[in-house]
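Asker: Can you read through this structure? Questions will come right after.
The values are calculated or read from the model by the stated rules, or taken from the named source; none is laboratory data. What you see is a predicted model; the values in this text were computed from it and never measured. Cβ placement follows ideal geometry from the backbone for every residue including glycine, while neighbour counts extend to all protein chains displayed.
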Amino acid sequence: MGIKLLDAPENRRDDPRAQAYIVDHLAPGSTIERRVEVVNESSAPMHVDVYAAAAAIVKGQFAFAADRAANELTGWTSLDASGLDLAAHGTAQVRATIRVPKDAAAGERYGVVWAQTGSPPADRRHNLAITGRVGVRMYLDVGPGGEPASDFEIEQLSPARGRDGRAELHARIHNTGGRALDINGVLSLSDGPGGLRAGPFTAKTGTTLAPGDRAEAVVPLDSRLPDGRWNVELTLRSGLVEHTARAAATFPTAPGGAGAVTASAAQSESYPTPVVAGLSALVLAAGSFLFLRFHRRRGR
């Protein structure tokens, strides 16, 4: 089973987050509509329940509430269907309407439009039910006037080594803007031992920051990476906001150890990033793909 968002605001056509999630800023008393498509990817008919449930940002992660827990945003959200009967490999669209009350307080709210399928217990002796659900996140900011700006700072880079023995780069991020951020990015290494280069390496997904929050983004490296001093260049982005930090770093040799940063320079560029063709919203979190490439620097 899969789900994806079909609509995005005209002023967010270039924002990859708005292609995957319901991201908007509304004045009190406003109403928006968004369509989602639910897909039965199996070869058998399927019944799917569709509903909105609460979410929150907790300790640097987008946290889903249990079951059908409600919050203020879900109380404003209605769906034109609560259940779908999908044929094998069939699809159906559901319209979500969000009506913000005129007396709504300013601030950002979070939720998810879920599609859920499952099998009830076979009988009274078997109380185990198997369910699965996929969803589209909602990030709705309420307030008069224009939308609060989105921005962040890369405050610190820390080389480390994980329990599995692989080198890692940890980046402390501060959300200095007025909207939540979903952080992703890549790390490239250069001028390593013998002039080696490595990367790009993809940051672990799942780092989400509410306004004012601090959290860490972690980039795991390849186990074959030689010890020694490297020049690191980390580019992180959320939607259309992008920043780059550079440093000379030495990774520790023992798991759990801390490395050294001998020089660093954070860059303050902030500009739109290209929309990736074929961006998919079928899942809420994607796995990381690691790629390592070594070659000797030319013209030494």
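Asker: What are the residue pairs meeting all of these: first residue in the range 237-252, first residue among the acidic types (Asp, Glu) and surrounded by fewer than 20 Cβ atoms within 10 Å (Cβ to Cβ), second residue outside any strand (DSSP E or B) and modelled with pLDDT under 90, Cβ atoms under 6 Å, and 6 or more apart or on different chains?
Answerer: Pairs that qualify, where the first residue is among the acidic types (Asp, Glu) and surrounded by fewer than 20 Cβ atoms within 10 Å (Cβ to Cβ) and the partner is outside any strand (DSSP E or B) and modelled with pLDDT under 90, are Glu242/Thr273.
Asker: While we're on this one: Pick from Val23, Val94: which is more than 25 Å from Asn184 (Cα to Cα) and either touching a Phe, Trp or Tyr at 6+ places or on another chain (Cβ under 8 Å) or not assigned by TED's automatic domain parsing to the domain that holds Arg214 (or both)? Walk me through it before giving the result.
Answerer: Working: Val23 fails: more than 25 Å from Asn184 (Cα to Cα).
Within the list Val23, Val94, the selection yields Val94.
Asker: Could you check the range 48-66 and list, in sequence order, the residues that are surrounded by fewer than 13 Cβ atoms within 10 Å (Cβ to Cβ) and farther than 20 Å from Ala180 by Cα?
Answerer: Ala66
Asker: Pick from the range 126-145 the residues that are modelled with pLDDT under 90 and part of a loop (DSSP other than H, G, I, E, B): which of them is farthest from Val48 (Cα to Cα)? Reasoning before the result, please.
Answerer: Here is the first cut: in the range 126-145, the residues modelled with pLDDT under 90 are 126-132.
With the extra rule that they be part of a loop (DSSP other than H, G, I, E, B), the set shrinks to 127-129.
On the way: Asn127: 21, Leu128: 19, Ala129: 15 Å.
Per the criteria, the residue is Asn127.
Asker: Looking at the range 9-27, is at least one residue free of Cβ contacts under 8 Å to residues at least 40 places away in the same chain, among the charged types (D, E, K, R), farther than 30 Å from Ala215 by Cβ and surrounded by fewer than 21 Cβ atoms within 10 Å (Cβ to Cβ)?
Answerer: yes
Asker: I would also like to ask the following. Given (1) part of a loop (DSSP other than H, G, I, E, B); (2) exposed (fewer than 14 other Cβ atoms within 10 Å of the Cβ); (3) modelled with pLDDT under 85; (4) not hydroxyl-bearing (Ser, Thr, Tyr), where does Ala281 come up short, assuming only one miss?
Answerer: Here Ala281 clears every test but (2).
Asker: With the checklist (1) within 24 Å of Ile183 (Cα to Cα); (2) not in a strand (DSSP E or B); (3) not small (Gly, Ala, Ser) in hand, flag the one item Asp24 doesn't pass.
Answerer: With respect to (1) within 24 Å of Ile183 (Cα to Cα); (2) not in a strand (DSSP E or B); (3) not small (Gly, Ala, Ser), Asp24 is out only on (2).
Okay, residues lined up against (1) in a loop (DSSP other than H, G, I, E, B); (2) in contact with a helix residue (DSSP H, G or I) (Cβ under 7 Å, 6 or more places away or on another chain):
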| site | (1), (2) |
| --- | --- |
| Asp7 | yes, no |
| Ser42 | yes, no |
| Val48 | no, no |
| Tyr51 | no, no |
| Ala54 | no, yes |
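Asker: From the list Asp103, Asp123, exactly one residue is at pLDDT 95 or above, more than 26 Å from Pro16 (Cβ to Cβ), surrounded by fewer than 10 Cβ atoms within 10 Å (Cβ to Cβ) and over 26 Å from the mean Cα position of the chain (by Cα). Which is it? Write out each step before concluding.
Answerer: Working: Asp123 fails: at pLDDT 95 or above.
Just a single option satisfies the conditions, and that option is Asp103.
Asker: Quickly run through the range 146-164 and pick out the residues that are in a strand (DSSP E or B) and closer than 21 Å to Gly256 by Cα. Explain how you work it out, then say what you get.
Answerer: Taking the range 146-164 first, the residues in a strand (DSSP E or B) are 152-161.
Correct list: Gln156, Leu157, Ser158, Pro159, Ala160, Arg161.
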